[in-house]
């Protein structure tokens, strides 16, 4: 195994500690009065950073709170204004889309919170005197999801905007320590599915965030084509697509009994084998984070099997070299 | 060409008339006082019906209004309550997920509006004395999108919840009459891309709705595997997936200059040929509907080329036979 692989493996293996430290760092970030009155949360971020918004949307669907919108774009929706808490999340702090969203959020006098590993985003947050938490950067944004997620969740939970109980947050960090058990299951899943040319990751509403995350990890770490399906929605369209033509494997994440029934039904009507993964954990949040770490190790192992570096992302690099002109 | 094909072709060809009639029907639906005070719109629906919510979310991002959430599930998010206008959309009026959402919306004392072709949904709306518009049913939900969409949009625009100007609505219905021009372009796109085993449809934020719609139409009408990508987000993950392994074609919908630059950049860094489609129309809404009709004809032609019926959906039928037990 290459040193790229080792670097990434170590990062995912350290999520429990990163998560705990990030939660603590955010709890020390002071906020002006008024943040708990936000009527909506808008999370701006791209890739792994934007995924934080997807996760929070899953959480408020389950636990309650205010609605969470994710913006994976350089523009805020027209309706965003002073009643909104706009959270800007960027691993590098140099993501152009997120920087533009910060400036637009400030211009619209929205409440603002920044989570970043450094860069211009933190600098501009400081200049604008808005609360910010700096996270510890791992080797890549996707491998730093634990830091980004808990630094974002902490104040939202504190202000009651995402009503997840503290003990569920604690449990969700604990499950990130189950590295050996998760790796064992990831190896089994790889043996069962690892020759596919296309991966379809499935989760059940309102856990859409997990299948999206898995799809992105498969692309970035393992360089394999991947897509995300959500149940029950995919019963109404995706299942008609001829997956048997493209040598696809399906991995389905199960978080409750209804989801389990839906995945079983799916396996009876779809055109490719379905490999089910029962998410481990007592609380919904713990299950979500367990699944996220599973996906990390699974896609690292898949990268190794496919003989690609899980760290290098040549096409994203090529995109970045053309980046500055895009949004001008 | 089969009679299934003819039936579907005729339905899409009639969208302009269906849209105009549906808009008129909805304008005759009377609403109690208070609907214009809704703070959010939550659209519940599955498949083509749920797509209506995706479209409205695109519109409020561009035009302003209140935030629109789409729920493609049998459960409402925990945060939905009396400040929300919950719109239930179902072609058949028998969609179980949507029925459950109606009951939950009523129990939470949300504002409610129903758009359906008949069935239990209309019946329960009548019993609960909530406003409803009955749409004319075409041969399938997806081929009745014009009816579903305009019946939903009309009151939301009337109440200022989706701030699309009346003249844009009128223009968007007009472009649905451009059948010959759209079919010509769809045939050209088919010639350029029609041997793919996987289709990737791309649109730019905030027009995510169009790529999702195209993906679903490809699955349902043409029975081909398909996925949806959104720019700029896909630059940060999807492009690393090895599309060259699965004989993929990419079709990208362009709605403005930034989108055009992004699609050009994508074609330089991704692993499959990109076929660009410039959306026709002056207003954002007209472009969106033009693209939607393009997708309809393109996927009908693709079904014909692949030798499959665009009307029959055997797997969805198999799912429906197992449906009633799923959500109990």
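Every number in this text was worked out from the coordinates using simple rules, so none of it is lab data. Fair warning: this is a prediction, and the values are worked out from it, not measured in the lab. Don't worry about glycine lacking a Cβ; one is built from the backbone with ideal geometry, like all the others, and counts go over all protein chains shown.
When the gyration tensor of the range B:86-178 is built from Cα positions, what are the square roots of 5 times its three eigenvalues, in whole Å, from largest to smallest?
So the equivalent ellipsoid measures 24, 17, 9 Å along its semi-axes.
What average number of partner chain Cβ atoms lie no more than 10 Å from the Cβ of the residues making up B:190-198?
Mean inter-chain Cβ contacts per residue within 10 Å come to 2.
Take the Cα radius of gyration of the range B:1-68 and divide it by 2.2 N^0.38 Å, with N its residue count; two decimals is plenty.
Compactness ratio reported: 1.46.
Rg(Cα) of the range A:118-158 divided by 2.2 N^0.38 Å?
Compactness ratio reported: 1.25.
List, shortest first and in nm to one decimal, how far the label point of residue A:322 (7 Å from Cα along Cα→Cβ) is from its counterparts in the other copies.
When each copy's label point is compared with this one, the spacings are 4.3 nm.
Once the piece of chain linking residue A:129 and residue A:318 is laid out straight, how much longer is it, given 0.36 nm per residue of separation minus the C-alpha distance between them?
Full extension of this stretch gives 64.6 nm more.
Kindly rank B:98-110, B:203-215, B:296-308 from highest to lowest mean number of other beta carbons found within 10 Å of each residue.
Sorting B:98-110, B:203-215, B:296-308 by mean packing, highest first, produces B:203-215, B:296-308, B:98-110.
Restricting to the range A:33-185, what percent of DSSP beta bridges are antiparallel, rounded to 5?
In the range A:33-185, DSSP labels about 5 percent of beta bridges as antiparallel.
Rounded to the nearest 0.05, what FRET efficiency do residue A:36 and residue B:33 give with R0 = 41 Å and r taken as the Cβ-Cβ distance? Could you check?
0.85
Please state, as a whole number in µm²/s, the translational diffusion coefficient that the Stokes-Einstein equation yields for the range B:162-224 at 37 °C and 0.692 mPa s, with Rh defined as the Kirkwood radius across alpha carbon pairs.
It diffuses with D of about 236 µm²/s by this estimate.
Taking N as the number of residues in the protein assembly as shown, what value does Rg over Cα atoms divided by 2.2 N^0.38 Å take?
The value comes to 0.89.
Let me confirm one metric for peptide B:53-64, namely the mean number of other chain beta-carbon atoms within 10 Å of its residues' beta-carbons.
Counting other chains' Cβ atoms within 10 Å and averaging over B:53-64 gives 2.
Compute the label-point distances linking residue B:82 to its equivalents in the other copies; points lie 7 Å from Cα along Cα→Cβ; give nm, one decimal, shortest first.
Listed shortest first, these distances are 2.7 nm.
Considering only C-alpha atoms, what is the centroid distance from the range B:45-91 to the range A:60-122, in Å?
Distance between centres, Cα-based: 22 Å.
Taking Cα atoms, how many degrees apart are the long axis of helix B:145-158 and the longest axis of chain B, rounded to 10 and kept between 0 and 90?
Around 50 degrees separate the two axes.
For a quick size check, give me the Cα extents of the range B:178-306 along its three principal axes, largest first, whole Å.
So the extents along the principal axes, rounded to whole Å, are 37, 34, 20.
Rounded to the nearest 500, what is chain B's calculated 222 nm mean residue ellipticity when only DSSP H runs of at least 4 contribute -39500 (n - 2.57) each, over all residues?
Mean residue ellipticity at 222 nm (helix-derived): -15500 deg cm²/dmol.
When the convex hull of the Cα atoms of the range A:44-143 is projected onto a plane and the area is averaged over all directions, what value comes out in nm²?
That works out to 6.0 nm².
Taking each residue of A:67-73 in turn, how many C-beta atoms of other protein chains fall within 10 Å of its C-beta, and what is the average?
Mean shielding count: 6.
Of all the Cα-Cα pairs you can form in the range B:233-279, what percent are over 18 Å apart?
24 percent
How far is residue A:109 from itself in the other copies, in nm, if each label sits 7 Å out from Cα along the Cα-Cβ line, shortest first?
The projected label point of residue A:109 is separated from its counterparts by 3.2 nm.
Using the Kirkwood radius over Cα pairs, work out the Stokes-Einstein diffusion coefficient for chain B at 20 °C and 1.002 mPa s, in µm²/s as a whole number.
D = 107 µm²/s.
Given a cut-off of under 8 Å on Cα pairs at least six residues apart, what relative contact order in percent is computed for the range B:178-306?
33 percent
Please give the contour-minus-distance gain from residue A:264 to residue A:107: 0.36 nm per residue of separation, less the Cα-Cα distance, rounded to one decimal in nm.
Full extension from residue A:264 to residue A:107 adds 51.6 nm.
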